[in-house]
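Read through the structure below, which is laid out as structure tokens, and then see the notes.
The values are calculated or read from the model by the stated rules, or taken from the named source; none is laboratory data. Not measured: the values here are computed from a predicted model. Ligands, DNA and RNA are stripped out before the accessible areas are found, and what is left, the full protein with its side chains, is counted by its heavy atoms. Shrake-Rupley method; radii C 1.70, N 1.55, O 1.52, S 1.80 Å.
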Amino acid sequence: MQPETLTRPELTLADRCDRCGAAAKVRAILPSGGELLFCNHHGRAHAEKLRESGVEVQQGEE
């Protein structure tokens, strides 16, 4: 029996970047289970540091 994995809903136009309020295109899932949402600009700017910290980064649909 495989454990069930929780899936997060797709990003929508209502989801906003936590840094600037633009449309969210990147979801960063923290090891604690929380998440941060970023626009493409801030997602790229923080991607390396997030991955170094063990954060799972998911790119949304364009």
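Relative to the longest principal Cα axis of the chain, at what angle does helix 40-52 sit, 0 to 90 degrees, rounded to 10?
Result, in degrees: 40.
Full-extension gain between Ala47 and Asp18, please, as 0.36 nm times their residue separation minus the C-alpha to C-alpha distance.
9.0 nm
Tell me which residues come under 5 Å, amide H to amide H, from Gly60 once H is placed; ignore anything under 5 positions away on its chain.
Residues meeting the criterion, in which the H sits 1.01 Å from N, are Val26, Arg27.
Please give the solvent-accessible surface of Val55 in Å², to the nearest 10, using a probe radius of 1.4 Å with every protein chain present.
Ignoring ligands and nucleic acids, Val55 comes out at about 20 Å².
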